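Below: one structure, written as structure tokens.
The values are calculated or read from the model by the stated rules, or taken from the named source; none is laboratory data. Remember, predicted model here, so these are calculated numbers, not experimental data. Quick reminder, even Gly has a Cβ in these numbers, built from the backbone with ideal geometry, and neighbours come from all protein chains shown.
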Amino acid sequence: MAIQLNDRDHLIFKMIDEHQVLLEKHISWFISGEDKPVLIRDRLRKLFYLDYLLCQRHGTKLPWWTTPTKPLVYMLAPMSKQENQMSDSQLDLFDSGVQRHLLEVANIRMLCLIAKKDGDLNDFEWVTLKPSLTQAGYFDAIVKVRARGNQSKMGIVNHPSDKEKFLTGIAKAFAENEVDKIMVVSRDEAHQKELQAQVAENATNVDARRLLFVTHHELYRSGIAKACMQTQDHQNINLFGEICIPAVNPVAMPAANFIGTPAVSL
């Protein structure tokens, strides 16, 4: 069955090529622009059935996914790569650990879009860096945010697993990308505290004042502009450097509260 590809289809291919793997909700937010997120499930299914996209269920539990079934992950198929002259990924995109890392980065971008829609950010510019596993401490993305009369250029590092390479990598990343600060996002508080301790032990080699530590849970719960982050010495501040008070025993929010649409079983 033939299909006439439209501009939105090519935008879908472009966004998946940039992030390498995406969920339907990510694609909906990324291609909607200034409008409300669009419903594109039927279109994604058609592109999958006609071999333009690959699709599989993600193998692990994602912290923001509240439905009983695992979410569907979309990747580019060889046919769409060839037609759009896109190269193959250097990562094993079928590995659940790789997928989780890439989906977490995409989710941070989606939270920036939500913050802009809610008026918490005046504007932002996002650049995804590939390949993206921060194995050497480099950035997963660079984002420029503007709010409250201030503009900041920030590097994002998602859950660095090798702490030694993280320390050596961020020093070089600061110099190469000329960022104002680095936001280090961890999957849990234990990992965050380990990173903070590592930075404290190597304070002479790293400009610790320019590092912000936060967990994925806190970003999802509060939003990227209002999330209570920590400095290396455990002071609580938000993205704009203002003192904040973390919530006591926060309860995970349902997906509907931060993606703008109700959770749907797939």
- Query: Name the residues in the range 160-204 that are more than 20 Å from R100 (Cα to Cα), surrounded by 13 or more Cβ atoms within 10 Å (Cβ to Cβ) and among the polar types (S, T, N, Q), would you?
  - Reply: T168, N177, Q196, Q198, N202
- Task: Name the one entry in A147, A77, A115 that is farther than 23 Å from I170 by Cα and at pLDDT 95 or above.
- Result: A77
- Note on the structure: Checked the range 168-219 for anything part of a strand (DSSP E or B) and of a type in the set (K, R); matches are K181
- Note on the structure: Pairs returned, first residue in the range 1-13 that is over 14 Å from Y49 (Cβ atoms), second residue that is surrounded by 14 or more Cβ atoms within 10 Å (Cβ to Cβ) and modelled with pLDDT under 90, beta-carbon separation under 6 angstrom, 6 or more apart or interchain, are F13/N84
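Yes/no matrix, rows are residues, columns are (1) modelled with pLDDT under 85; (2) not aromatic (F, W, Y):
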{"site": "R221", "(1), (2)": "no, yes"}
{"site": "K226", "(1), (2)": "no, yes"}
{"site": "Q235", "(1), (2)": "no, yes"}
{"site": "E242", "(1), (2)": "yes, yes"}
{"site": "V248", "(1), (2)": "yes, yes"}
{"site": "F258", "(1), (2)": "yes, no"}
{"site": "S265", "(1), (2)": "yes, yes"}
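Are there helices (runs of 4 or more DSSP H) fully within the range 1-120 with at least 1 residues that are of a type in the set (D, E, K, R), surrounded by 17 or more Cβ atoms within 10 Å (Cβ to Cβ) and in contact with a strand residue (DSSP E or B) (Cβ under 8 Å, 6 or more places away or on another chain)? List them. Give the steps one after another, and end with the answer.
Details: elements: 7-19, 24-31, 41-49, 78-83, 96-117.
Those helices (runs of 4 or more DSSP H) span 7-19, 24-31, 96-117.
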- Query: So is Y138 more than 25 Å from K163 (Cβ to Cβ) and without any contact (Cβ under 8 Å) to a residue 60 or more places away in the chain or not?
  - Reply: no
- Taking the range 66-82 and keeping only residues that are more than 25 Å from L129 (Cβ to Cβ) and of a type outside the set (A, V, I, L, M), one is left with T66, T67, P68, T69, K70
